[in-house]
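J.: Here's a structure for you.
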Amino acid sequence: MNVGAGRPLRSPKAILFDLDGTLVDSAPDIAAAVNELLASRDLPPLRLDQVTAMIGGGVRKLIERAFAASGAPLLGNALDEANRVMAPIYRRHLTGLTRLMPGVREALTHFHLGGVSMGVATNKPQLATREILLHFGLTEYFGAIVGGDAVTYLKPAPDALLLALAQLGVDPGDALLVGDSGADLGAARAAGMPVILLRGGYSHIPVEELGADLVCNSLFDLPSAMQRLQADA
């Protein structure tokens, strides 16, 4: 089932994808990293659903939310230090428990064969993003891979999207973003791009309520849903 909401979608020259909750289900690995960091401070572990609700906003924001939920909030230099400690822990938990979201290979193959340029724009650090994409053999699909540490401002700011599109040589009006959260929608709107949101990701709010141009159950549905909308347009 697909729900349209917003402007008609024309055939894009480029599609940008979010990573966590869109291309990969990385929450179990992220939770493992968070709990390793908490254990180093003698704090109890958080449940997977708790950590999943904290995803979005980058690693530093994740740490801030995790320590606040553990009753030991961090500020300033203490948060900076925890972020430094987290860096190697995070890199150890990238692909062990992470899995592809449904329909990823099928959708990427469809758009690749159709001559559509593709990129990844995520708040996840650049090296971590590349390692995950390499692990799943997906890098060949993407002409641009932009992580959160490659730009000044994270999503919902448009910086990562605009940098990826510059690398692809495509204007925002000729592209669209596929994501799973309000941060993705905000970034796309700020960049002047249409946005498609997927159910089953890490949004704290039902994606139907966010005002995307299209909502899909999964990436399996994306090609056919876009074709129907383009035909209607």
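J.: Would you check which residues across the range 185-216 are among the small types (Gly, Ala, Ser) and either outside any loop (DSSP other than H, G, I, E, B) or open to solvent by less than 10 Å² (accessible area, probe 1.4 Å) (or both) and list them?
T.: 186, 187, 188, 190, 191, 212
J.: Can you spot a residue in the range 175-184 that is over 16 Å from the mean Cα position of the chain (by Cα) and buried (at least 20 other Cβ atoms within 10 Å of the Cβ)?
T.: Taking every residue of the range 175-184 in turn, at least one turns out to be over 16 Å from the mean Cα position of the chain (by Cα) and buried (at least 20 other Cβ atoms within 10 Å of the Cβ).
J.: For the range 93-125, how many residues are under 23 Å from residue 172 (Cβ atoms) and open to solvent by less than 40 Å² (accessible area, probe 1.4 Å)?
T.: Residues flagged as under 23 Å from residue 172 (Cβ atoms) and open to solvent by less than 40 Å² (accessible area, probe 1.4 Å) within the range 93-125 amount to 11.
J.: Is there any pair with a first residue in the range 119-132 that is outside any loop (DSSP other than H, G, I, E, B) and a second that is crowded, with 19+ Cβ neighbours inside 10 Å and among the basic types (Lys, Arg) whose Cβ atoms are under 9 Å apart and which are 6 or more apart or on different chains, and what are they?
T.: The qualifying pairs are 121/155; 132/124.
This table checks each residue for (1) modelled with pLDDT under 95; (2) out of contact with any Leu (no Cβ under 6 Å at 6 or more places or on another chain); (3) at negative phi.
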| residue | (1), (2), (3) |
| --- | --- |
| 191 | no, no, yes |
| 199 | no, yes, yes |
| 205 | yes, yes, yes |
| 214 | yes, yes, yes |
| 220 | no, yes, yes |
| 229 | yes, no, yes |
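J.: Which numbered condition trips up residue 84, out of (1) surrounded by fewer than 16 Cβ atoms within 10 Å (Cβ to Cβ); (2) part of a loop (DSSP other than H, G, I, E, B)?
T.: Only one criterion is unmet by residue 84, namely (2).
J.: Another question about this same structure. Filter the range 141-162 down to the residues that are over 14 Å from residue 23 (Cβ atoms) and not aliphatic (A, V, I, L, M) and list them by number.
T.: 143, 148, 149, 152, 153, 155, 156, 158, 159
J.: Can you tell me which residues in the range 60-81 are in contact with an Asp or Glu (Cβ under 9 Å, 6 or more places away or on another chain), part of a helix (DSSP H, G or I) and open to solvent by 20 Å² or more (accessible area, probe 1.4 Å)?
T.: Listed by number, the list holds a single entry, 60.
J.: Could you list, in sequence order, all residues of the range 165-174 that are modelled with pLDDT of 95 or more, out of contact with any Leu (no Cβ under 9 Å at 6 or more places or on another chain) and in a helix (DSSP H, G or I)?
T.: 166, 167
J.: Among the residues of the range 36-57, which ones are within 21 Å of the chain's Cα centre (by Cα) and open to solvent by less than 60 Å² (accessible area, probe 1.4 Å)?
T.: Listed by number, the residues that qualify are 50, 51, 52, 53, 54, 55, 56, 57.
J.: Given the options 149, 159, name the one that is open to solvent by 30 Å² or more (accessible area, probe 1.4 Å), touching a Phe, Trp or Tyr at 6+ places or on another chain (Cβ under 6 Å) and without any contact (Cβ under 8 Å) to a residue 60 or more places away in the chain.
T.: 159
J.: Pick from 219, 177, 162, 154: which is outside any helix (DSSP H, G or I), over 23 Å from residue 102 (Cα atoms) and in contact with a helix residue (DSSP H, G or I) (Cβ under 6 Å, 6 or more places away or on another chain)?
T.: Selected residue: 154, the only one of 219, 177, 162, 154 that is outside any helix (DSSP H, G or I), over 23 Å from residue 102 (Cα atoms) and in contact with a helix residue (DSSP H, G or I) (Cβ under 6 Å, 6 or more places away or on another chain).
J.: So is residue 137 assigned to a loop (DSSP other than H, G, I, E, B), out of contact with any Ser or Thr (no Cβ under 6 Å at 6 or more places or on another chain) and either over 20 Å from residue 104 (Cα atoms) or free of Cβ contacts under 8 Å to residues at least 40 places away in the same chain (or both) or not?
T.: Yes: the conditions hold for residue 137.
J.: Could you list, ordered by first residue, the pairs with Cβ atoms under 8 Å in which the first is in the range 214-232 and basic (Lys, Arg) and the second is at pLDDT below 90, at least 6 apart or interchain?
T.: Matching pairs, first to second residue: 228/2.
J.: Also, quick follow-up: Please tell me if residue 67 is among the aromatic types (Phe, Trp, Tyr) and in contact (Cβ under 8 Å) with a residue 60 or more places away in the chain.
T.: The answer is no for residue 67.
The values are calculated or read from the model by the stated rules, or taken from the named source; none is laboratory data. Note that the coordinates shown come from a computational prediction; the quantities given were computed from them, not determined experimentally. Because the Cβ atoms are built from the backbone with ideal geometry, glycine has one as well, and the counts that use them run over all protein chains shown. In case anyone asks, the SASA skips ligands and DNA or RNA and just uses the protein heavy atoms, side chains included. Shrake-Rupley method; radii C 1.70, N 1.55, O 1.52, S 1.80 Å.
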